[in-house]
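Q: Below are the structure tokens for one structure; questions will follow.
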Amino acid sequence: MKTSVPISLLLHHKSPALWSVGPEATVFEAIKLMAEKNIGSLLVLSDGKLEGLFTERDYARKIVLHGKSSKETRIREVFGGAVVTVKPRDSVEDCMKLMTEHRVRHLPVLVNGRVVGIVSIGDLVNWTISAQDAQIAQMEQYIAGGVSS
């Protein structure tokens, strides 16, 4: 199974769209955008610079559980702190390890401090399944081709 491939290859198979909010947006605006785009996190950008991520987990734990109003609370008040990031040359395996170690589900991909993509745990699982399927198909073809009648 090829999990040593760089995530740049995975990014080429994804939509290039990146969804973000600024730190002054309301949590309600962020949740609404996440629902519209069917995504689980948003980049928090300020003047094009990555400040953090806002996730569904942030919403559940920092808004709902504390009884805060999503229409009155700003993203800057609740988004996650230090962001775990990766580079395009990092492997699928590296990303899976980072996600497990840091208990995160999304990794922004940076080049020279600029966000060029984002990978989710779902992206990595789908890539791994596809790689396994391809490897199985290749082995089946090899076995079938190697059988003499």
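The values are calculated or read from the model by the stated rules, or taken from the named source; none is laboratory data. Treat the numbers as computed from the prediction; the structure is a model and nothing was measured. Because the Cβ atoms are built from the backbone with ideal geometry, glycine has one as well, and the counts that use them run over all protein chains shown. Side chains included, ligands, DNA and RNA excluded: accessible areas come from the protein's heavy atoms. Shrake-Rupley method; radii C 1.70, N 1.55, O 1.52, S 1.80 Å.
Q: Where is the GNM fluctuation largest for the chain (alpha-carbon springs, 10 angstrom cutoff): SER69, SER130, SER15?
A: Of SER69, SER130, SER15, the most mobile in the Gaussian network model is SER15.
Q: PHE28 accessible area, nearest 10 Å², 1.4 Å probe?
A: Rounded to the nearest 10, the figure is 90 Å².
Q: Which whole-number percent gives the relative contact order of region 90-135, counting Cα pairs below 8 Å spaced six or more residues apart?
A: Numbers: 31 pairs, mean separation 12.7, N = 46.
This gives 28 percent for region 90-135.
Q: Something else now. Can you pull the percent of the chain's accessible area that's carbon plus sulfur, 1.4 Å probe, other chains left in place? Working shown, then result.
A: On the way: 4890 of 9440 Å².
Taking all protein chains in place, the chain shows 52 percent carbon and sulfur surface.
Q: Starting at the first residue of region 26-37, write each ³J(HN,Hα) from the Karplus equation 6.51 cos²θ - 1.76 cosθ + 1.60 with θ = phi - 60°, in whole Hz, x for Gly and Pro.
A: 7, 4, 4, 4, 5, 5, 4, 5, 4, 5, 4, 9
Q: I'd like the accessible area for ARG57: 1.4 Å probe, protein heavy atoms, all chains in place, Å² to the nearest 10.
A: Around 80 Å² of this residue is reachable by solvent.
Q: Pick from LEU42, LEU65, LEU124: which is most flexible by mean-square fluctuation in a GNM of the chain where alpha carbon atoms under 10 Å apart are linked?
A: Among LEU42, LEU65, LEU124, the largest GNM mean-square fluctuation belongs to LEU65.
Q: Can you sort ILE75, ILE129 by solvent-accessible area, 1.4 Å probe, largest first?
A: ILE129, ILE75
Q: With every protein chain in place, what's the accessible area of LYS49 (1.4 Å probe, Å², nearest 10)?
A: 120 Å²
Q: Helix 121-146: angle to the longest alpha-carbon principal axis of the chain, degrees 0 to 90, nearest 10?
A: The two axes meet at around 10 degrees.
Q: I've got another one for you. Counting only helical runs of four or more DSSP H residues, what would the 222 nm mean residue ellipticity of the chain come to if each run contributes -39,500 (n - 2.57) and the total is spread over all its residues?
A: Values: 4 runs with 54 residues, N = 149.
The helix contribution divided over the chain gives -11500 deg cm²/dmol.
Q: Then there's this: Contact order normalised by length for region 22-77, with contacts defined as Cα pairs under 8 Å and 6 or more residues apart; what percent is it? It would help to have the intermediate numbers written out before the result.
A: Working: 62 pairs, mean separation 26.9, N = 56.
Relative contact order comes out at 48 percent.
Q: Here's a follow-up. Pulled fully out, how much extra length does the chain show between HIS102 and LYS71, if you take 0.36 nm times their separation in residues and subtract their Cα-Cα distance?
A: Working: separation 31, 0.36 × 31 = 11.16 nm, distance 2.95 nm.
8.2 nm is the gain from fully extending HIS102 to LYS71.
Q: So, one more: Just subtract the alpha-carbon distance of ALA60 and LEU18 from 0.36 nm times their residue separation and send over the number in nm, one decimal.
A: On the way: separation 42, 0.36 × 42 = 15.12 nm, distance 2.25 nm.
Using 0.36 nm per residue and subtracting the Cα-Cα distance, I get 12.9 nm.
Q: Between ALA82 and ALA35, what is the FRET efficiency for a Förster distance of 30 Å, r being their Cβ-Cβ separation, to the nearest 0.05?
A: Numbers: r = 27 Å, r/R0 = 0.88.
That pair, ALA82 with ALA35, gives E of 0.70.
Q: Also: Quick check of the Kirkwood formula: for the chain, what is the inverse mean of 1/r over all pairs of different Cα atoms, in Å?
A: Details: mean 1/r = 0.0590 Å⁻¹.
Averaging 1/r across every pair of different Cα atoms and inverting gives 17.0 Å.
Q: Just to confirm the number: angle between the C-alpha axis of helix 92-102 and the first principal axis of the chain, 0 to 90 degrees, nearest 10?
A: For helix 92-102, the angle is close to 40 degrees.
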